[in-house]
Amino acid sequence: MENNIMVQNTVTVKPSGEERREIRKQYSRTALVLLLNIAIFNFLSQLILRVGCMIYGGGFSLEAFQRGAMAFSENQLLSTVFSCMVPIISETAAILTGLKILKYKPDFKKLSTRDGYGGGTVAKLVTLCLGLQTASALLTSLITSFLDKFGLTGRTIDLSATTSFGANVFMYFYACLLGPVLEELLYRGILLQSMRKYNERFAIFLSAAIFGLMHENYQQFILGFLLGIPLAVVTIKYNSLLPSIITHIIVNTTASVSSVVMQYFSPEVYNMALTGENIDISALSGADWAILGVNALFRYGFALAALIIGIICLVKGGNMSRPTPAGKSRAFPIMITSIPWIAVFLAYLYLSFVQPFMDMTLWDRILFSIFK
């Protein structure tokens, strides 16, 4: 009688030297994609902006730069288009480069498949993310109040509607549609998929952390990190980017609509909230109270629903697979030996937690030192 012998490939807990080098090479390629995004977004674009302002201002001098920068900021359409085009170009370049050097073939099924999920899944994910948005706002408010005591006020991105119709259309098209699609392709697509092979939990938290850091201010880091976790979990669970893309679009659109409503129907309250001033309750009109009441019901209603969904998910478990000892040894211990990854974290730590608190950016310091 012939015996059938099954040979299984065994994986050692600790990777061999050769395997370690191969894993590090894969991780480093992923980090290079992120470094390209950082370089275009923060350095190449800012160089182009400053040279453009000099030309716009009539010459290569500090005075010409200041004239050009003032004229540029006053042109709402031009400044808005430039601000939106920078991340569009940097993220598109990073996505295309990631597909090339990581040798990925675009899998459009991940954008359209509905294997195992439906509208209910997306609704729960949206509810959870909107609730986390409120939690993030509360946490950010506490941190901001603490930092204010030490005179530390970080810069953030102002997405207030302008007086230019064209600028508003372009800004909200990017913020509510194109931006979410590109970010999901890069962070839940390229980054998450390239890092999940050995340790999915590590890849989930890493992609969430980078998604938060790429906003380059601590306020949006908190929100990005909190939202990045459930978006990554659902992407892995259903092997599809569609739920995260839809959710990201809805969350950004909801925030934009809420901002526009507050800005136009309760401008004084909106400006005080934007600048961090204390709101004078006695000066509020009936319309102000109505807007604030609806906004509070919306925010805290979703926060409560998100809390319930979160508890149910934790009780049920199974949303994130537990890493094996072999998976653990092939994730963080190898990633921190990758020079490109060290460069990514150093760059983002500076851009997110140092530069926003400086009176001028590194680029402006260089410019002022040249033309002093």
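Considering only segment 102-117, I want to know if a residue exists there that is modelled with pLDDT of 90 or more, of a type outside the set (Ser, Thr, Tyr) and within 21 Å of Gly212 (Cα to Cα). Checking segment 102-117: not a single residue is modelled with pLDDT of 90 or more, of a type outside the set (Ser, Thr, Tyr) and within 21 Å of Gly212 (Cα to Cα).
Results for (1) surrounded by fewer than 16 Cβ atoms within 10 Å (Cβ to Cβ); (2) modelled with pLDDT under 90; (3) among the charged types (D, E, K, R), shown as yes or no for each residue.
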| residue | (1), (2), (3) |
| --- | --- |
| Ser282 | yes, yes, no |
| Ser285 | yes, yes, no |
| Leu292 | no, yes, no |
| Ala331 | no, no, no |
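For segment 352-371, a residue qualifies if it is in a helix (DSSP H, G or I), surrounded by 14 or more Cβ atoms within 10 Å (Cβ to Cβ) and not aromatic (Phe, Trp, Tyr), and the qualifying residues are Ser352, Gln355, Pro356, Leu362, Asp364, Leu367. For segment 27-86, the candidate set comprises residues that are closer than 24 Å to Leu191 by Cα and of a type in the set (Val, Ile, Thr); within that set, the residue that is surrounded by the fewest Cβ atoms within 10 Å (Cβ to Cβ) is Val86.
Output the qualifying pairs, or none if there are none: Cβ atoms under 8 angstrom, residues six or more apart or on different chains, first residue in segment 205-227 and free of Cβ contacts under 8 Å to residues at least 40 places away in the same chain and within 14 Å of Glu183 (Cβ to Cβ), second residue part of a helix (DSSP H, G or I) and among the basic types (Lys, Arg). What qualifies is Ser207/Arg188. Among the residues making up segment 162-184, those that are over 17 Å from Ser90 (Cα atoms) and touching a helix residue (DSSP H, G or I) at 6+ places or on another chain (Cβ under 6 Å) are Thr162, Ser164, Gly166, Ala167, Phe170, Tyr172, Cys176. In segment 352-372, the residues that are over 25 Å from Gly224 (Cβ atoms) reach residues that are at pLDDT 85 or above and surrounded by 13 or more Cβ atoms within 10 Å (Cβ to Cβ) with C-beta atoms within less than 8 angstrom, at least six apart or across chains, in these pairs: Leu367/Arg50; Leu367/Leu62; Leu367/Phe65; Phe368/Leu62; Phe371/Ser61; Phe371/Leu62; Phe371/Phe65; Lys372/Leu62.
Report yes if Arg188 is farther than 20 Å from Ala306 by Cα, charged (D, E, K, R) and surrounded by fewer than 21 Cβ atoms within 10 Å (Cβ to Cβ), otherwise no. Spelling it out, it is not the case that Arg188 is farther than 20 Å from Ala306 by Cα, charged (D, E, K, R) and surrounded by fewer than 21 Cβ atoms within 10 Å (Cβ to Cβ). Residue selection: Ala203 fails the criterion of being within 18 Å of Phe41 (Cβ to Cβ) and small (Gly, Ala, Ser).
Of the helices (runs of 4 or more DSSP H) lying entirely inside segment 149-236, the ones with 3 or more residues being closer than 21 Å to Leu35 by Cβ and of a type in the set (Gly, Ala, Ser) are found at 200-213.
The values are calculated or read from the model by the stated rules, or taken from the named source; none is laboratory data. Note that the structure is a prediction, hence the values are computed from the model and not measured. In this analysis, Cβ positions are derived from the backbone assuming ideal geometry, glycine residues included, and neighbour counts consider all displayed protein chains.
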